[in-house]
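Presented below is the structure to which this report refers.
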Amino acid sequence: AAWVRLIETDGGLARLAADGPAPGPARLAPASPVIEGDVARGGLERTLEHRAALAPGDPLHAAAGSAFVCPFSFEGRLRGVLTVTRDADAPGFFSAGQTALAR
């Protein structure tokens, strides 16, 4: 699955579009202690080989599977995050080409 969240004026993250099941609420509150919020605030991508390592309250927490959360900018300003997940039954992890395409 993949989805895009845009940063709102108050710092919240609103889901704009999704392909496949996007976990969690359509909107994340400002300063939410979840990985998508951390990426949006810090501007640094995160790759998770095991989503089970996340806190149980994080929408991306899952018993299995991986995730790639990547910030995106326009005109030098951070605008949101792209999140891509992979089920545990999918072969392998994200390839270098897949993460490069997401970036």
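Summed over the range 55-83, residues that are of a type in the set (D, E, K, R) and in a loop (DSSP other than H, G, I, E, B) total 2. Test residue 11 against the stated conditions and say whether it is open to solvent by 30 Å² or more (accessible area, probe 1.4 Å), at pLDDT 90 or above and over 19 Å from residue 89 (Cβ atoms). Yes; evaluated as a whole, the condition is true for this residue.
When you look at residue 41, is it of a type in the set (Lys, Arg) and open to solvent by less than 70 Å² (accessible area, probe 1.4 Å), yes or no? Considered against the rule, which asks whether it is of a type in the set (Lys, Arg) and open to solvent by less than 70 Å² (accessible area, probe 1.4 Å), residue 41 comes out as no.
Among the residues making up the range 10-22, those that are under 15 Å from residue 82 (Cβ atoms) and of a type outside the set (D, E, K, R) are 13, 14, 16, 17, 18, 20, 22. Restrict the check to the range 67-75 and report whether at least one residue is of a type in the set (Asp, Glu) and within 11 Å of the chain's Cα centre (by Cα). Within the range 67-75, none of the residues are of a type in the set (Asp, Glu) and within 11 Å of the chain's Cα centre (by Cα). Residues in the range 14-27 that are part of a loop (DSSP other than H, G, I, E, B) and at pLDDT 90 or above: 25, 26. Residues that are over 28 Å from residue 89 (Cβ atoms) and of a type in the set (A, V, I, L, M, F, W, C) within the range 17-48 comprise 29, 31, 40, 44, listed in sequence order.
Scanning the range 44-103 for residues that are surrounded by 19 or more Cβ atoms within 10 Å (Cβ to Cβ) and among the β-branched types (Val, Ile, Thr) yields 69, 81, 83, 84, 85.
The values are calculated or read from the model by the stated rules, or taken from the named source; none is laboratory data. In this text, all values refer to a predicted model and were calculated from it rather than measured experimentally. For neighbour counting, all protein chains shown are included, and Cβ atoms are generated from backbone atoms with ideal geometry for every residue, glycine included. Protein only, heavy atoms only, side chains kept; ligands, DNA and RNA dropped before computing areas. Shrake-Rupley method; radii C 1.70, N 1.55, O 1.52, S 1.80 Å.
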